[in-house]
Amino acid sequence: MATAVALVPAPVAAQQPPAARIIPRVDTLHGDVRVDNYFWLREKTNPEVISYLEAENRWTEEHTAHTAALRERLYQEMLGRIKETDAAVPVRDHGWWYYTRTEQGKAYPIFCRRRGTMEAPEEVYFDQNQAAAGKPFHALGGMDVSPDGRWLLVLEDTTAFREYTLYVRDLESGAVVDQLVGVWNGTAWADDNRTFFYMTADSAKRGNAVWRHVVGTPRESDVKVFQEDDVLNNAGVFRSRSGKYVFITADGFTSSEWRAIPSADPTAAPRVLAPRRAGVEYSVEHAGDFFLFYTNDRATNFRLVRAPEQDPSPAAWRDWLPHRPDVFVEGVDAFENHIVVSERSGGLRRLRVSDRDGRNAHYISFPEAAYGVFPTGNAEYATETFRFSYSSMQTPTAVYDYNLRTRARELRKQQEIPSGYDPTRYEVRRIMAPSTGGVRVPVSLLARKGVRLDGSNPLLLYAYGSYGATMEPTFNSAVLSLVDRGFVYAIAHIRGGQEMGRQWYDDGKMMKKKNTFVDFIAAAEELVRLKYTRPDRLVANGGSAGGLLMGAVANMRPDLFRAIVADVPFVDVINTMLDASLPLTAQEWEQWGNPNKVDEYRYMLSYSPYDNVAAKNYPWLLVTTSLNDSQVMYFEPAKWVAKLRATKTDGNPLLLKTNMAGGHGGSSGRYDRLREAAFRYAFMLDAVGLAGSAVP
């Protein structure tokens with residue numbers, strides 16, 4: 001149970017930043033009296049709150065001023081590994097080739113297309129640099145070109161708070177012909193090239209309604225075609241790859257319900273494909289004359305079933321790819337003559353290719369022991385070409401086109417490192433760390449070749465461990481600035497993700513959430529035991545739900561880490577999950593638990609980082625946030641830092657850095673994001689005594 005504490009300076013520090021005022025708020029829940037001294041920091045419009053955040057920023061800048069030169073060197077190194085003027089591999093869609101390109105000195109991509117062939121004249125249909133001019137933040141929530149290529153839907157956010165305006169642009173004249181304010185992510189065109197579907201959200205930023213609009217007509221005449229009233233579910237809308245249907249989704253963490261509208265008949269009523277059932281999740285691919293359902297119905301690791309278009313109800317489901325206990329089915333891409341299934345076995349993704357009936361199956365092979373592969377840019381249905389990207393921690397990203405019929409593989413683009421990169425200077429390793437319940441946690445590592453296992457190496461251990469998100473061991477050019485200075489970079493594939501199958505996720509959420517934290521600690525302990533590092537050289541990093549992980553391990557094992565970097569951390573678990581007016585809260589009762597239920601409350605309270613701050617020594621701490629973050633509100637990390645300042649007993653640095661114009665991912669421009677990464681890395685290097693180091 002949280003209790004009020006006196007605001008006293010840390011005894012070792014010679015000087016303290018401006019203190020947050022103590023204004024106790026007392027809550028009673030399940031017989032507990034909870035005192036929150038910093039609840040007032042939620043008051044975003046309060047000038048005192050802004051002054052406090054700005055004062056913390058000044059403190060952080062003053063106490064990292066000695067790393068300014070290092071930050072600039074890191075920024076230039078990371079920038080040197082990026083080809084600033086570059087172009088993506090074109091994607092063919094409805095007779096056009098679409099691609100993005102970047103230009104040196106410009107922060108945002110330029111969206112281009114060519115009609116018919118890549119030899120045709122280039123048409124710039126949207127320049128985000130022009131749209132972002134004069135705005136401190138600019139993000140796109142989606143872009144959608146009509147099937148005939150004439151109309152462009154653009155969702156723009158200039159607030160960083162995911163508040164979107166939808167613009168309809170005539171690509172023949174360049175004129176904006178429609179503007180819809182207050183929309184949400186998700187659009188889909190009908191075949192008539194005049195009607196489209198769009199989304200709105202409720203006050204908690206939960207996508208909950210789908211509307212039909214005709215270009216050039218008043219918004220007042222728009223028709224709401226679907227509304228999802230269950231706060232545990234999010235709605236969505238998109239057009240099938242085949243183009244035959246507009247799908248409307250209603251998905252939560254434990255159930256699904258999809259609807260379909262024929263694209264040729266946009267005023268038709270949505271048809272439910274399979275009614276929602278408790279505990280049954282599914283998604284749908286249209287495959288010509290049948291639907292493929294990707295589902296966990298009687299299949300922990302998911303299976304694929306097919307059903308005829310005329311009757312897609314569960315009674316008509318027939319196994320297309322049966323459940324296999326040792327293979328996790330992650331998704332499916334359907335094409336005119338082939339089906340590609342993304343699977344996971346042994347912690348690594350593989351791609352299974354077959355004909356539409358599931359026959360003549362084969363796997364696309366990959367050369368390395370640990371890697372990441374991702375289907376990408378597969379817009380067309382009537383094609384024999386399947387595109388995927390591939391990389392490993394040692395191998396820069398490559399984009400391949402794979403012929404589904406001949407099995408030929410064509411390299412379309414290899415990531416270039418302009419400043420130079422020699423992969424033979426590095427090596428990738430993989431260890432298995434023993435954790436609770438007899439599980440072994442995979443840990444992927446990147447190091448300089450011939451790394452000495454004597455405990456002297458600084459090591460950065462990264463993890464996420466929530467929502468079933470898989471952290472693939474892929475290439476990250478920025479982290480080379482640490483590795484080249486002697487760091488080992490490690491990714492812990494902990495429970496809460498799905499690296500080892502669906503059970504891996506189920507064992508890291510709700511009343512098993514602590515497994516996530518225990519796995520991370522186990523990975524760190526194993527790295528120390530194997531002498532990859534030692535506690536005074538070990539740095540931990542995670543963001544968002546991974547920031548919850550950072551807060552939990554800081555409380556559980558502060559002795560194990562020299563420094564912790566917590567980015568946009570979800571640390572005030574009880575208060576946030578009690579407030580259903582906040583974005584994400586209600587539907588995430590199925591992810592973390594509902595504190596209104598006493599057993600779930602007790603469990604969540606036992607690990608909530610904010611509620612478990614104690615009078616003890618903590619590692620070096622850098623905490624980042626953004627004032628306009630709508631996913632993890634700025635006040636969570638701000639309150640956490642304030643409580644740590646008032647409670648911890650050490651004199652180690654405790655820094656809060658607030659991006660006053662950013663969102664959940666920080667700044668929107670690519671150069672600003674690099675500077676943010678340079679700041680984090682400089683802090684890490686400083687913590688292990690390498691702030692003055694140069695690259696060997």
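Numerical summary
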{"item": "Number of the exception - Leu155 against (1) under 14 Å from His213 (Cβ atoms); (2) part of a loop (DSSP other than H, G, I, E, B); (3) not polar (S, T, N, Q)", "result": "(2)"}
{"item": "Within the range 215-237, tally of residues that are crowded, with 17+ Cβ neighbours inside 10 Å and within 30 Å of Asp289 (Cα to Cα)", "result": "8"}
{"item": "Condition check for Asp629: among the acidic types (Asp, Glu) and more than 15 Å from Ile50 (Cα to Cα)", "result": "no"}
{"item": "Residue in the range 463-485 that is assigned to a strand (DSSP E or B) and either modelled with pLDDT of 95 or more or more than 16 Å from the chain's Cα centre (by Cα) (or both) present", "result": "no"}
{"item": "Any hit, the range 676-696, residues being modelled with pLDDT under 95, of a type in the set (Ser, Thr, Tyr) and farther than 27 Å from Met511 by Cα", "result": "yes"}
{"item": "Any hit, the range 248-263, residues being in contact with an Asp or Glu (Cβ under 7 Å, 6 or more places away or on another chain), farther than 30 Å from Met577 by Cα and not basic (Lys, Arg)", "result": "yes"}
{"item": "For Arg150: the one exception among (1) closer than 29 Å to Ser173 by Cβ; (2) out of contact with any Leu (no Cβ under 6 Å at 6 or more places or on another chain)", "result": "(2)"}
{"item": "Residue within the range 61-70 that is surrounded by 15 or more Cβ atoms within 10 Å (Cβ to Cβ) and either without any contact (Cβ under 8 Å) to a residue 24 or more places away in the chain or of a type in the set (Phe, Trp, Tyr) (or both) present", "result": "no"}
{"item": "Candidate set: the range 527-549, residues that are in contact with a Leu (Cβ under 9 Å, 6 or more places away or on another chain) and assigned to a helix (DSSP H, G or I); chosen: the one nearest to Gly665 (Cα to Cα)", "result": "Arg537"}
{"item": "Single unsatisfied condition, Ser581 versus (1) touching a helix residue (DSSP H, G or I) at 6+ places or on another chain (Cβ under 8 Å); (2) assigned to a loop (DSSP other than H, G, I, E, B)", "result": "(1)"}
{"item": "Strands (runs of 3 or more DSSP E) completely within the range 292-356 that count 2 or more residues being touching an Asp or Glu at 6+ places or on another chain (Cβ under 9 Å), touching a residue at least 60 places away in the same chain (Cβ under 8 Å) and surrounded by 20 or more Cβ atoms within 10 Å (Cβ to Cβ)", "result": "328-334, 338-345"}
{"item": "Pro609 being touching a strand residue (DSSP E or B) at 6+ places or on another chain (Cβ under 8 Å) and either over 30 Å from Asn233 (Cβ atoms) or in contact (Cβ under 8 Å) with a residue 40 or more places away in the chain (or both)", "result": "no"}
{"item": "Identity of the residue in the range 187-203, at pLDDT 95 or above and of a type in the set (Gly, Ala, Ser), that ends up farthest from Asn233 (Cα to Cα)", "result": "Ala190"}
{"item": "Criterion (at negative phi and outside the structural domain of Ser255 (by TED's automatic domain parsing)) met by exactly one of Gly546, Gly593", "result": "Gly546"}
{"item": "So Arg318, is it more than 27 Å from the chain's Cα centre (by Cα), on the phi < 0 side of the Ramachandran plot and of a type in the set (Lys, Arg)", "result": "yes"}
{"item": "Residue match in the range 486-506 (condition: surrounded by 16 or more Cβ atoms within 10 Å (Cβ to Cβ), under 27 Å from the mean Cα position of the chain (by Cα), among the hydroxyl-bearing types (Ser, Thr, Tyr) and farther than 25 Å from Arg534 by Cα)", "result": "yes"}
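The values are calculated or read from the model by the stated rules, or taken from the named source; none is laboratory data. Here the structure is a predicted model, which is why all the values come from computation and not from measurement. Glycine gets a Cβ as well: all are built from the backbone with ideal geometry, and neighbour counts include every protein chain shown.
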